[in-house]
1. Could you give the nm distance between label points at residue 87 and residue 12, where each point is 7 Å from its Cα heading toward the beta carbon?
2. Of 47, 3, 146, which is farthest towards the positive pole of the chain's charge dipole, taken about the Cα centre with +1 and -1 on the beta-carbons of Lys, Arg and Asp, Glu respectively?
3. Taking square-rooted eigenvalues a ≥ b ≥ c of the alpha carbon gyration tensor, is segment 1-105 rounded, prolate or oblate, where a/c under 1.5 means rounded and, failing that, a/b exceeding b/c means prolate?
4. Can you list the HN-Hα couplings for segment 119-135, worked out from phi with the Karplus curve (6.51, -1.76, 1.60; θ = phi - 60°), rounded to whole Hz and with x for Gly and Pro?
5. In terms of modelled amide H atoms, which long-range or inter-chain residues lie less than 5 Å from the amide H of residue 5?
6. Treating the beta-carbon of each Lys and Arg as +1 and of each Asp and Glu as -1, no other charges, what is the dipole magnitude of segment 120-175 about its Cα centre, to the nearest 20 debye?
7. Can you give the extra length, in nm with one decimal, that the chain gains between residue 2 and residue 160 once fully stretched, where that is 0.36 nm per residue apart less the Cα-Cα distance?
8. Could you list the trypsin sites (Lys or Arg not before Pro) in segment 1-105 that lie in coil according to DSSP, counting only those with at most 16 other Cβ atoms within 10 Å of their Cβ?
Amino acid sequence: MNHQGILLAAGFSRRFGANKLLHPLADGIPIALAAARRLRAALPEVLAVVNPQDPELARLLARDGFPVTICPRAQDGLGASLAWAVSQTPQASAWIIALADMPFIQPATIARIAAAIDRPTTLAAPVFRGRRGHPVGFGRAHFEALVRLAGDDGARAILHDRAEHVRWLACEDPGMLTDVDTPADLSSATLPLSTPK
């Protein structure tokens, strides 16, 4: 199995007021780097996608050993960045899509999503107390649908349209629901940090 982790880090932090992905958590680790390290703790292959206006973030991730790709159409939205990243990794047997502004997901949750994709048609997503979280996994059969994504909708439509292939995994991990859009989100997060190296 060659399951590929994808870290979507190509947003523009418009609601945060500054580059939130570079903002440190309580342990001093920048948000995007913490999310990337948690993804890498579960998956050996991780590709980070960033926008062309964020060379500092690209350097930060590259210094920590992460391959980085620059999405030329990042301004078009999440779907465009996701499509770009998947198109850069066509050899993968599956893609595990994580968001760089979600630094609290447990590596064990990510590993469960990856392990659930045991055939090309499988999709997998975690659920915490009835709510779908992240990351989401896509088997090889969904490559064409992923690389056709555009706009800001991400891959939600794929999960909806191919619902019979989705494996929903109940996980006791509130981090799968906790994203950071504003500084207030950081102050209200009461999750353990312990960022992997």
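1. Taking the two extended label points, one gets 2.0 nm.
2. In the chain, that residue is 3.
3. Taking the square roots of the gyration eigenvalues as a ≥ b ≥ c, segment 1-105 is oblate.
4. Per-residue couplings from phi come out as 8, x, 8, 5, 10, 9, 8, x, 10, 10, 6, x, 10, 6, x, 10, x Hz.
5. The answer is 45, 46, 47, 96.
6. Charge dipole, segment 120-175, about its Cα centre: 100 debye, nearest 20.
7. 54.4 nm
8. 14, 15, 73
Where a number appears in this text, it was derived from the coordinates with a stated rule and is not lab data. Treat the numbers as computed from the prediction; the structure is a model and nothing was measured. Reconstructed Cβ throughout: ideal geometry from the backbone, glycine too, with neighbour counts over all protein chains shown.
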